[in-house]
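Taking it in order: structure first as structure tokens, then the write-up.
The values are calculated or read from the model by the stated rules, or taken from the named source; none is laboratory data. Since we're looking at a predicted model, the values are computed, not measured. Here the Cβ is made from the backbone with ideal geometry for all residues, glycine too, and neighbour counts use every protein chain on show.
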Amino acid sequence: MKSTKEALLISGLIITVIFLTSSCGSNSENQNSDSSLEDVDVISIAEITPSKLSDVVDDIGYTALKYHPEHRAYRIDKVLIEDGLIYIFDYYSGRSLSVYDLKGNFQFAITKPGQGPDQYLEVQDFLIDKSNIEVLDARGRLIIYNENGIFERSEKLPFVAQAFSKVEGNYLFQTGKIPNELGENGKSCEVVQYNLETKKADCQLEIHNGKNPHSFKERNILKNIGGITYYSTYFNDTIYRKQGDKFTPRFIMNFSSNALPDDTFDPKKSNRDLIGTPNDNKDKAYHTPNLQGNTDLLLTEFRNNGIYRLIYDTKNELKTVLKTTSENNVDGGLPLYWSHTVSNRDIIMIIDSDYALERASKLKEEKSQFNEKEQAFLDFASSLSIEAPLVMIAYHLK
């Protein structure tokens with residue numbers, strides 16, 4: 001089990017991009033529709049000096065998620081916190097959703113991999129709506145469970161989708177850039193609005209670069225954040241927001257001269273050439289969205305010879321960049337490897353409890369005297385049951 005866990009952690013940190021889903025750099029302008037310059041916030045990444053964790057975070061809280069035999073989620077693909085419950089979905093390893101309360105008490109699990117009417121073959125995305133749990137299956141189906149994880153019904157979609165969200169009773173689906181005729185005059189649509197009752201589909205954003213040679217799964221690319229629906233894809237420097245019946249640019253990440261070469265996204269290039277370009281240009285920067293946030297915060301990620309997290313405090317207009325492997329100089333604990341979700345001003349990371357125990361052991365080897373926050377971390381680790389599968393860590397922003 002330990003080797004599997006280590007492999008999962010390493011695989012989450014290694015830069016292995018094996019697909020192409022959209023354009024970047026100047027090509028993002030091709031998708032600009034009617035957005036005025038006043039509406040677009042250009043974020044100059046090169047002008048932001050990466051910060052230390054202690055420059056951004058002033059406190060870290062820990063919660064052990066208690067052992068239960070029905071828990072099977074170890075690789076964390078998506079986390080939602082809704083109405084006092086933590087929903088943790090492992091799409092591929094455990095193929096299971098585990099639900100906990102905020103104190104770490106196990107509530108229930110959905111473990112339904114398979115091909116039956118109440119089962120999911122391969123999970124693409126999930127959301128919580130009015131306490132119902134809605135799962136997007138790779139077969140182009142929605143599978144809906146009630147607030148206790150009991151199957152209610154499934155709905156067949158007229159298209160295959162990779163991600164989804166829900167706005168005022170209508171669904172928004174990202175088609176994964178699979179060719180379709182959902183756009184105007186039969187053009188392919190990248191984001192489509194769909195009503196389950198009327199079966200009406202309206203294209204919100206057409207595909208301008210349809211290359212998607214692999215089925216690598218993006219995470220948190222279509223999200224409702226602070227009452228606004230945002231959308232972005234790998235390699236596209238633009239983050240769109242939904243306005244009326246379309247998506248228009250809201251933020252553009254400017255990597256200036258450090259962006260990928262201009263010819264990276266030449267439509268004449270073969271898929272084989274496209275796949276290798278990022279690995280051949282590891283010193284170059286490009287957007288790899290992981291959209292999180294709330295009314296006052298927006299988070300996303302980018303690659304630049306490592307994985308970096310952009311934290312944009314929209315209320316105070318403060319932009320911060322953190323490398324995901326930056327040393328935890330707040331309490332000596334784990335770096336902020338992943339941002340799985342945001343709760344108020346806490347960035348939430350869910351991680352295997354073994355890593356918290358290992359880090360505590362190393363901290364005690366590194367020094368013999370500890371400050372108050374370091375001691376609090378060590379006290380938590382010493383009280384951690386070896387049976388606890390996961391730890392929820394809350395990094396509180398200043």
Inset, instruction - Note down all Cβ pairs under 6 Å where the first residue falls in the range 41-64 and is touching a residue at least 40 places away in the same chain (Cβ under 8 Å), the second is of a type in the set (Lys, Arg) and part of a strand (DSSP E or B), and they're at least six residues apart or on different chains. - result: Ile48/Lys319; Pro50/Lys323
Legend entry - First in the range 79-107 and of a type in the set (Val, Ile, Thr), second anywhere and part of a loop (DSSP other than H, G, I, E, B), Cβ under 8 Å, 6 or more apart: Val79/His340; Ile81/Leu102; Ile86/Leu102; Ile88/Ala73; Ile88/Ile76; Val99/Gly149
Legend entry - Which listed residue is out of contact with any Pro (no Cβ under 6 Å at 6 or more places or on another chain) and surrounded by 21 or more Cβ atoms within 10 Å (Cβ to Cβ), from Thr198, Thr111, Thr175: Thr175
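Do we have Ser54 as out of contact with any strand residue (DSSP E or B) (no Cβ under 7 Å at 6 or more places or on another chain) and either in a strand (DSSP E or B) or closer than 24 Å to Leu298 by Cβ (or both) here?
Here the answer is yes, as Ser54 does meet what is asked.
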Inset, instruction - Can you tell me which residue within the range 230-280, out of those that are crowded, with 17+ Cβ neighbours inside 10 Å and farther than 23 Å from Gly176 by Cα, is modelled with the lowest pLDDT? - result: Ala259
Inset, instruction - Out of the residues in the range 132-172 that are touching an Asp or Glu at 6+ places or on another chain (Cβ under 6 Å) and not in a strand (DSSP E or B), state the one that is surrounded by the fewest Cβ atoms within 10 Å (Cβ to Cβ). - result: Asn146
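Would you mind finding the one in Tyr87, Tyr100, Tyr74, Tyr62 that is assigned to a loop (DSSP other than H, G, I, E, B) and either touching a Gly at 6+ places or on another chain (Cβ under 6 Å) or of a type outside the set (Lys, Arg) (or both)? Steps first, please.
Values: Tyr87 fails: assigned to a loop (DSSP other than H, G, I, E, B); Tyr100 fails: assigned to a loop (DSSP other than H, G, I, E, B); Tyr62 fails: assigned to a loop (DSSP other than H, G, I, E, B).
One residue alone meets the criteria, Tyr74.
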Legend entry - Residues of the range 295-345 satisfying the condition of being in contact with a Pro (Cβ under 7 Å, 6 or more places away or on another chain) and either among the small types (Gly, Ala, Ser) or at positive phi (or both): Ser326
